[in-house]
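Report on one structure; see the data block that follows.
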């Protein structure tokens, strides 16, 4: 193998995060013709992994997944960092750039513990700490009860087996990356909208590191990147927080992005959905959709958002 630069790739230590890091390394090394030893995996314990007994929204939100990796990246202790894009806060430090989005996979959620939402028993206890999943569930099945459950895939399945809940939700993409495709019932994302950014792996680097940005450009999947950019722009325009139930589904069609989104009240009673089609280069499209959603929403929903109506 010819001499190659040695890159340090930062990742959380969870099994899913490590699987995503291995995928990122394999794609980067294949694109550059490197042996995989050219990229060193540097596991970091994230604050979100340390605190498991409280909902993420109550203890600092998505920043708990990125804080340590951001610090290590800015300090030069790692060169790139891998993230699940649905866990990356909308506003990022100026010193950090999204260098690549890998090809997006199945965006669906999976229901674990029942064959379908309709098959859930009356009054079932559903474990989730995600406002989107809780609100969507209560909108469809107001008889169910939401109980907080956090942790990685194995932890959540274990809590289900221990009787802490009757069912729970997991991301199909995460299960597939862990080789557990046969766990649970897939929910059609056209009917049960996923989280913005779901099923996308992002790789970040320092904004001023032109050499690394050039390397990452070789594995950037343009369509996936366009979808993620639109969904994150929608989040920013809505002015939501980790307490705001937001669901979104985008697709590329004829050079345009078609973006569907729904926002909810916390109890799931109120739901506003709309769709927009705009050119990939149209940065105003997501903001226009956000305004449409908020202008049609009752106070029970708008109280959870700070976007422009």
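Principal-axis analysis of the Cα atoms of the chain puts helix 131-140 at an angle of about 30° to the longest axis. In segment 86-126, whose amide N lies under 17 Å from the spot 7 Å out along Cα-to-Cβ of residue 161? List them in ranges. Within reach of a label on residue 161, which here means backbone N under 17 Å from a point 7 Å along Cα→Cβ, segment 86-126 contributes 112-114. Under the simplified labelling scheme, the residue 71-residue 183 pair shows an inter-label distance of 3.0 nm, with each label point 7 Å from Cα along Cα→Cβ. Spin-label pair residue 295-residue 122: with each label point 7 Å from Cα along the Cα-Cβ axis, the two points sit 4.4 nm from one another. Each part reduced to its alpha carbon centroid, segment 12-38 and segment 280-309 end up 37 Å apart. Computed with the Debye formula from one identical point scatterer per Cα of the chain, without solvent, the log10 of I(q)/I(0) at q = 0.10 Å⁻¹ comes to -0.56. Based on Cα contacts under 8 Å between residues 6+ apart, segment 168-309 shows a relative contact order of 21 percent. Once the Cα atoms are used to define both axes, helix 285-296 deviates from the longest principal axis of the chain by about 20 degrees.
Summary value for the chain: 20 percent relative contact order, contacts being C-alpha pairs under 8 angstrom separated by 6+ residues. Calculated on the alpha-carbon coordinates, the convex hull of segment 233-302 measures out at 72 cubic angstrom per residue. By the beta-carbon count within 10 Å of each Cβ, the least crowded to most crowded order of 68, 94, fewest first, is 94, 68. For residue 26 and residue 94, the difference between the fully extended length at 0.36 nm per residue and the C-alpha to C-alpha distance is 21.7 nm. Taking the Cα atoms only, what angle lies between the long axis of helix 63-74 and the longest principal axis of the chain, rounded to 10 degrees? Approximately 10 degrees, to the nearest ten.
Put the Cα centre of segment 159-207 next to the Cα centre of segment 251-269 and the gap is 18 Å.
Ratio to report: Rg/Rh of segment 109-187, with Cα atoms as the point set and Rh obtained by the Kirkwood method; give two decimals. It would help to have the intermediate numbers written out before the result.
Numbers: Rg = 11.5 Å, Rh = 12.4 Å.
Value, to two decimals: 0.93.
Taken together, the values in this text are just the output of simple stated rules run on the coordinates, not laboratory data. In this text, all values refer to a predicted model and were calculated from it rather than measured experimentally. Reconstructed Cβ throughout: ideal geometry from the backbone, glycine too, with neighbour counts over all protein chains shown.
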